[in-house]
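Quick note: the coordinates plus some simple rules give every number you see, no bench work behind them. It should be emphasised that the depicted structure is a prediction, and the values quoted were computed from it without experimental measurement. For neighbour counting, all protein chains shown are included, and Cβ atoms are generated from backbone atoms with ideal geometry for every residue, glycine included.
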Amino acid sequence: MKKIAMICFFVIMMIALGTVSELSTRFTWIIPDYSTLSGFAGMVYAKPKEKGPDLILKSANSNLNTMSNDEMISVLEGNVVFLYDDAIIKSEYAKWWRSKGSVHFSNHVHVTKQQQVLTCDRLDYEKNKKLLRAEGNVDFYDGKEKTKLQGSNADYYPDSKFVTVTGKPVLIHYDTVARDTMIIHGEKMTYSDSLKLATVDQNVTIYKGKLFTKCHNAKYYTDGNLAQLRGSPDIMYERDSLKGDSVNLMFTKRTMRGMEVNGNSHGKYKDFSPRDTLLTDVAGDSMYMAFNDSGKVDSLWIYRNVKSTYRSLKDSLHVNEAYGKIMSVAFDKKGDVEKVKVWGNARSIYNVEEGDKGLNVASGDSIDVAFKTGKVSHVVLSGSVRGYYAPEKDNAPGEKPKKGAAFPK
């Protein structure tokens, strides 16, 4: 122990004189009861074991050491490389407060940790907080998840692989299979590698192929291909639009798989034809829209307090209506409405446009409506059927229908 104490004394004296160089001129051995033995100019000293990873200087073209208020400060320039656990930090300039364990990096800052890369203009490392604070042109990329975060400022915690980005941040998730990249904008973003979760707050917009959404905040699970939208979410997908209190978007590796809307759900659909555009409006407590493999709408389900209207864009007076507890809408391969079914105190009001024109009002346990070339072709009611027919000549368009004698044959 006396020999070790004497060696430590000489080393301390040499550090005070600024004669000991960095890792590039040291030699290191692992020995029992000590973390390392380091030496210079034939001298060896023992360094006690440390509890966690530390910042270690690997190389620098220039190293100027000064003492200020009992603090050694190193100014490093040219090919500066530090090691922190399995992370590598590079820059062209660094200022290192050794006792505090703080470093300021600038000029082409580049941090790598396994498949993650962080680049920026300036970077501050704080040992006590185990924090990397980045400023200016921040770009964080996770190669495993094919996810990128960009912004003006970021806080990165290497141990937990957690990053927060502010200053007009953008999240980009690359889809290498479908080549359908997702782009998310917001005011603040975070990404947790352990949870595979990205969060976005304030003025959120999401683009992915045919999809565009906006809301106040969102979560995106990169592993599960699930996006949760909260705070007045509004969705546009091709010719469809959906909104409600909360929305969940489900994806496959190739395309959109489904949309789930909960609370005050409301959807609009446009059906284009050579003669006219047909508008469908549906509302309920909740709804789910499913998509086929080509990305077209396959089916739509609406639950509780269901209301649907269907009309021509050119004719706002003749509106077809349907009410019930549950409604399903089936679409053909082109994405046009093919069938509609309503269950539970089902009621329909639709305009008969051929033969004896008029209004057909009907109710029953369930109603099936079939469409052909954008028009209602037939209606089938089941269970406790009731209804009446009001000829058009007895009713002004848009008025509540007067009861007729019976259904037209």
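For a quick check: with amide H placed at 1.01 Å from N, whose amide H comes under 5 Å from D180's, ignoring anything fewer than 5 positions away on the same chain?
D175
Can you give the extra length, in nm with one decimal, that the chain gains between N69 and Y388 once fully stretched, where that is 0.36 nm per residue apart less the Cα-Cα distance?
Values: separation 319, 0.36 × 319 = 114.84 nm, distance 9.54 nm.
Gain in length upon complete extension: 105.3 nm.
Treat each spin label as a single point 7 Å out from the Cα along the C-beta direction, and report the D356 to K210 distance in nm.
If labels sit at D356 and K210, their model points lie 4.2 nm apart.
What FRET efficiency comes out for K144 versus K270 if R0 is 25 angstrom and r is the Cβ-Cβ distance? Round to the nearest 0.05.
Computed FRET efficiency for K144 and K270: 0.05.
Which of F105, F291 has the fewest other C-beta atoms within 10 Å, and how do the rest follow up to the most?
F291, F105
Taking a ≥ b ≥ c as the square roots of the eigenvalues of the Cα gyration tensor of the stretch 54-394, is the shape rounded (a/c under 1.5), prolate (a/b larger than b/c) or oblate? Could you put the intermediate results ahead of the total?
On the way: a/c = 4.16, a/b = 3.78, b/c = 1.10.
Prolate shape, in that a/c is at least 1.5 and a/b is the bigger ratio.
Holding the Cα-Cα limit at 21 Å, pick out from K90/K161; K268/K325; K90/K188; K307/K341; K307/K375; K58/K144 the pairs that are longer than that.
K90/K188; K58/K144, as the Cα separations exceed 21 Å there.
Please rank D121, D223, D356, D180, fewest neighbouring Cβ atoms within 10 Å first, as an exposure proxy.
On the way: D121 16, D223 9, D356 12, D180 19.
The order, fewest Cβ neighbours first, is D223, D356, D121, D180.
For the stretch 52-168, what class follows from the C-alpha gyration tensor (a ≥ b ≥ c being the square roots of its eigenvalues): rounded when a/c is under 1.5, otherwise prolate if a/b is larger than b/c, else oblate?
Prolate, since a/c reaches 1.5 and a/b exceeds b/c.
What does the extension gain come out to for I326 and Y303, with contour length at 0.36 nm per residue minus their alpha carbon separation?
So the chain would gain 7.8 nm between I326 and Y303.
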